[in-house]
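Chemist: Okay, handing you the structure first.
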Amino acid sequence: VSRISRRETVSRNTPLPLIIQGGMGAGVSNWNLARIVASTGQLGVVSGTAIDVIVARRLQDGDPGGAIRRALEHFPYSEIAERLLKKWFRKGGRGGKPYKPIRMHSFELHPDTVHLCVAANFCEVWLAKQGHNGFVGINYLEKLQIPHLPSLFGAMLAGVDVVIMGAGIPREIPSVLAAFESGSEAEYPVTVTGACNRTMRLRFRPSDFFPTVPPSLKKPRFLPIVSSLVLAKSLLRSAADGIDGFVIEGPTAGGHNAPPRGLLQLSEEGEPIYGERDAVDLALFRRLGKPFWLAGSHGRKGKLAEALEEGAAGIQVGTAFALCRDSGLDPQLRRRILDGIFQNRVRVFTDPVASPTGFPFKVTLLPGTLSDDGIYEARTRICDLGYLRENYLAEDGKVRYRCPSEPVKAFLAKGGEKEAVKKKKCLCNALMANIGMGQIRGNGAAELPLVTLGDEVDVVRQFCTAERPDYSATDVIEFLLRDVKVVDHCRNAYREEDPPRNEDLEPVPHPAYV
């Protein structure tokens, strides 16, 4: 795959690449994967979900390869970087001990939380941008609202090129990016149950937390993830100038899905039923005048060419990258999934209730994980990461937090409804286990994974075999670009000059670490 060059002076009107590597899960779309994809001329994307706890745990594991320490050397605030290293770095690792807890995000921004969040987002983007001059993006879930402001600030400090956001209606993200670009205070609305007509807004002034603030930062492009024309039009009405395109995601994509439009109906297996109302009319979408990428079951041969014929700017691909050897998925877990796919034993279930967010969530049915009802029931409930907590207004007028995955008595004592806790799973801890960073509990047991993938998991058969199950991110890109017409389109639309071969990239760390 040829590496496509991009000058630092390139304008914001320069088209983005044909292929967007999806922002799968916490730590699955890590800097290593994104860097490799970006070095081929496509859009490499890191996941910003829970990146602060991930970076803290990488440091506690001894930071093999020294990547985080190297990134922190370039963090603009050296004293804060030194404090973070002193607090989290453990030379030689934890020695089997539990990970130290991090302070959970709250409406009252705490310096420790802000410093770690900003630095972690900076590190992930900075590392992904090394060794090439391609495009690097970061993906967030709109539902995880409280970390947005420090997260975006940290990503922009590292020069992130694109921000992608789904699982909600991110209509005010463009104003946040514009505020940080100009060095101003930013604010973001936070959903608070029980607040009625009160607007609860979180404000973030970088100068309150950092000794000096850059006068201006490069404004990244913004691509909201949508599942309907109605939502896209709504976003354009509120912030047309701040939206640079859309990712149109269908219900077969992995992770959180938009619920079906209209009254929820379930299949005999208990999955949400999607119908004609959930299909996007691309002819009408083209009239919006914004580029769009198609996501959900687009990792197969010919899908990129089909998307271009429909007027799309390209495609977003997730599952194929999630199961490649360059992703952050735990290597042993990844191998189990691949073996299961070739033995026709892996199925993906769209669970309407598993996620505390209320969004349908794609669950890979895999023995030994929380997809097993018996294992789920045996797990002791705990909420100690708190990314998916619900904000609610308590009787004393303060914003407090509850999660339907926490102990039932605690949830009910906070005014939660008993019906809301049924079959809710702790995604926060499970996603950490997916990347080999599951917490160790008091009884010595480790948190177990809960893997999310797209419906068409057998897409990996295009890149590997049962005898040779490993494949790389570049294998995926080469396959998707194999159509000569697509390659010509890529060269004509995106290449400014004959690209340098730039083979002097840093060694890629083993995925067991990243």
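Chemist: Please work out the average accessible area per residue across the chain, using the 1.4 Å probe convention, and give it in Å². Don't jump to the answer; show the numbers that get you there.
Modeler: Numbers: 21840 Å² over 514 residues.
Accessible surface, normalised per residue, equals 42 Å².
Chemist: Treat each spin label as a single point 7 Å out from the Cα along the C-beta direction, and report the Arg300 to Arg103 distance in nm.
Modeler: 5.0
Chemist: Need one number: nm distance between label points at Glu187 and Lys218, each 7 Å from Cα along Cα→Cβ, rounded to one decimal.
Modeler: 3.0
Chemist: While we're here: So how much slack lies between Arg287 and Arg203, counting 0.36 nm per residue of separation and subtracting their Cα-Cα distance, in nm?
Modeler: Details: separation 84, 0.36 × 84 = 30.24 nm, distance 3.57 nm.
Residue separation times 0.36 nm, minus the Cα-Cα distance, leaves 26.7 nm.
Chemist: What percent antiparallel are the DSSP beta bridges of the chain, to the nearest 5?
Modeler: Working: 16 of 43 bridges.
Restricted to the chain, the bridges split so that about 35 percent are antiparallel.
Chemist: Here is a further query. How about the range 103-207: which GluC sites (Glu not before Pro) there lie in a loop by DSSP and see at most 16 other Cβ atoms within 10 Å?
Modeler: Details: sites: Glu108, Glu124, Glu142, Glu172, Glu181, Glu185, Glu187; in loops: Glu108, Glu142, Glu172, Glu185.
For GluC sites (Glu not before Pro) across the range 103-207 that sit outside H, G, I, E and B with at most 16 neighbouring Cβ atoms in 10 Å, the list reads Glu108, Glu185.
Chemist: Under unit Cβ charges (Lys, Arg +1; Asp, Glu -1), what dipole magnitude, rounded to 20 debye, does the range 318-365 have relative to its Cα centre?
Modeler: Details: 7 positive and 4 negative charges, 30 e Å.
The dipole magnitude comes to about 140 debye.
Chemist: OK, next. Report the charge-dipole magnitude of the range 363-407 in Debye, nearest 20, computed about the Cα centre from +1 at each Lys and Arg Cβ and -1 at each Asp and Glu Cβ. Intermediate results must be reported in sequence, preceding the final value.
Modeler: Working: 6 positive and 8 negative charges, 33 e Å.
So the magnitude is around 160 debye.
Chemist: With just the Cα atoms defining each centre, how far is the range 117-143 from the range 321-363? Give it in Å.
Modeler: The two parts, judged by their Cα centres, are 23 Å apart.
Chemist: Using only alpha carbon pairs under 8 Å that are at least six residues apart, calculate the relative contact order of the chain and give it in whole percent.
Modeler: On the way: 1006 pairs, mean separation 94.9, N = 514.
Rounded, it is 18 percent for the chain.
Chemist: While we're looking at this one, here's another question. Tell me, what % of the accessible area of the chain is carbon and sulfur with a 1.4 angstrom probe? Mind dumping the intermediate values first?
Modeler: Numbers: 10830 of 21840 Å².
Answer for the chain: carbon and sulfur cover 50 percent of the accessible area.
Chemist: Report the paramagnetic label zone for Ala178: residues of the range 242-274 whose backbone N is under 20 Å from a point 7 Å from Cα along the Cα-to-Cβ axis.
Modeler: 242-246
Chemist: Another one. Can you tell me the relative contact order of the range 281-346? Whole percent, Cα pairs under 8 Å, sequence separation 6 or more. List each step's numbers first, then the result.
Modeler: On the way: 50 pairs, mean separation 16.6, N = 66.
Relative contact order of the range 281-346: 25 percent.
Chemist: Only Lys, Arg, Asp and Glu count, each charged at its Cβ (+1, +1, -1, -1), so figure out the dipole size of the chain about its Cα centre, rounded to 20 debye. Write down the numbers at each step before the final one.
Modeler: Values: 66 positive and 59 negative charges, 192 e Å.
I would put it at about 920 debye.
Chemist: Between Ile375 and Ile273, 0.36 nm times their residue separation minus their Cα-Cα distance comes to what?
Modeler: Details: separation 102, 0.36 × 102 = 36.72 nm, distance 2.69 nm.
Extra length available between Ile375 and Ile273 comes to 34.0 nm.
Chemist: Can you list the trypsin sites (Lys or Arg not before Pro) in the range 365-419 that are in a DSSP coil and have 11 or fewer other beta carbons within 10 angstrom? Each step should come with its number before you reach the end.
Modeler: Working: sites: Arg379, Arg381, Arg389, Lys398, Arg400, Arg402, Lys409, Lys414, Lys418; in loops: Arg379, Arg381, Arg389, Lys398, Lys414.
Listed in order of number, the matching sites are Lys398.
Chemist: Could I ask something else about it? Among the GluC sites (Glu not before Pro) in the range 218-307, which ones are in a DSSP loop with at most 11 other Cβ atoms within 10 Å of the Cβ? Mind listing them? Present the calculation step by step, with values, prior to reporting the outcome.
Modeler: Numbers: sites: Glu249, Glu268, Glu269, Glu276, Glu306; in loops: Glu268, Glu269.
Answer by residue number: Glu268, Glu269.
Chemist: How long, wide and thick is the range 81-122, going by the Cα atoms along their three principal axes, in whole angstroms, largest first?
Modeler: So the three principal-axis extents are 34, 20, 15 Å.
Chemist: Further question: Stokes-Einstein D for the chain at 4 °C, 1.567 mPa s, Kirkwood Rh over Cα pairs, in µm²/s?
Modeler: Working: Rh = 23.2 Å.
Reported coefficient: 56 µm²/s.
Chemist: What is the extension gain from Leu266 to Ile440, computed as 0.36 nm multiplied by their sequence separation minus the C-alpha to C-alpha distance, in nm to one decimal?
Modeler: Numbers: separation 174, 0.36 × 174 = 62.64 nm, distance 3.63 nm.
This chain segment gains 59.0 nm when fully extended.
The values are calculated or read from the model by the stated rules, or taken from the named source; none is laboratory data. On a predicted model such as this, the values are computed, not experimentally measured, just so you know. We place every Cβ from the backbone using ideal geometry, glycine too, and count neighbours over all the protein chains shown. Surface areas here come from the heavy atoms of the whole protein model, side chains and all, with no ligands, DNA or RNA. Shrake-Rupley method; radii C 1.70, N 1.55, O 1.52, S 1.80 Å.
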